[in-house]
Amino acid sequence: MLKSLELRDVMIRQPIKVPPNITVFEAAQIIMKNKITGAIVVDDEQNLVGILSELDCLKVTLAGAYNDDEFSTALVEDVMTKKVVVQNPNDDIVDVATSMLEHRQRRRPVVENGKVVGQVTCRQILKVITEASRKK
């Protein structure tokens with residue numbers, strides 16, 4: 001059953017996105033407010049430019065606190081992951097889950113025609129698998 005599911009069937013269609021030119025402090029507030037583990041970084045045209053994780057935010061804020069520096073001026077574009085593995089909405093959920101496990105990634109942007117159209121997370125995949133197991 002799972003083999004027949006495509007990402008478009010389970011992806012988050014409106015993931016939380018942040019621009020690259022806001023501060024890490026501002027992005028961390030967005031991440032905390034939305035109770036997520038990271039955000040997709042997009043430019044003004046919704047093109048993917050990176051991923052910002054809560055660990056990226058923690059690294060900056062902890063370094064600022066430890067060094068007694070002002071961390072609120074660090075920008076997202078300076079700390080985000082720029083080389084991001086992306087998925088297509090037609091990709092198979094099992095293949096994506098396997099790849100996410102191999103690369104130890106919690107989230108993947110879903111891109112179509114160069115634009116971010118969604119996101120898939122471990123939580124979405126886990127939900128699909130557990131719901132399928134209950135139906136057996």
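When you look at VAL116, is it of a type in the set (Val, Ile, Thr) and within 15 Å of the chain's Cα centre (by Cα), yes or no?
Working: of a type in the set (Val, Ile, Thr): yes; within 15 Å of the chain's Cα centre (by Cα): yes.
Judged against the criteria, VAL116 is a match.
Assess whether ASP78 counts as being modelled with pLDDT of 90 or more, surrounded by 18 or more Cβ atoms within 10 Å (Cβ to Cβ) and part of a helix (DSSP H, G or I). Full working, then the answer.
Working: modelled with pLDDT of 90 or more: yes; surrounded by 18 or more Cβ atoms within 10 Å (Cβ to Cβ): no; part of a helix (DSSP H, G or I): yes.
Criteria not met by ASP78.
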Pairs returned, first residue in the range 51-70 that is under 20 Å from VAL84 (Cα atoms) and modelled with pLDDT of 85 or more, second residue that is open to solvent by less than 90 Å² (accessible area, probe 1.4 Å) and hydroxyl-bearing (Ser, Thr, Tyr), beta-carbon separation under 8 angstrom, 6 or more apart or interchain, are ILE51/THR81; LEU52/THR81; SER53/THR37; SER53/THR81; GLU54/THR37; ASP56/THR81
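Out of all the residues in the range 28-35, is one or more among the polar types (S, T, N, Q), touching a residue at least 40 places away in the same chain (Cβ under 8 Å) and open to solvent by 20 Å² or more (accessible area, probe 1.4 Å)?
In the first step, residues of the range 28-35 are kept if they are among the polar types (S, T, N, Q); the result is 29, 34.
Now drop any that are not touching a residue at least 40 places away in the same chain (Cβ under 8 Å), which leaves none.
No; the residues of the range 28-35 include none that is among the polar types (S, T, N, Q), touching a residue at least 40 places away in the same chain (Cβ under 8 Å) and open to solvent by 20 Å² or more (accessible area, probe 1.4 Å).
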Across the range 90-136, which residue is farthest from ILE51 (Cα to Cα) among those that are out of contact with any helix residue (DSSP H, G or I) (no Cβ under 8 Å at 6 or more places or on another chain) and in a strand (DSSP E or B)? GLU112
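The values are calculated or read from the model by the stated rules, or taken from the named source; none is laboratory data. Everything quoted here is computed from the prediction, not taken from an experiment. Here the Cβ is made from the backbone with ideal geometry for all residues, glycine too, and neighbour counts use every protein chain on show. SASA here: full protein model, heavy atoms, side chains in, ligands and nucleic acids out. Shrake-Rupley method; radii C 1.70, N 1.55, O 1.52, S 1.80 Å.
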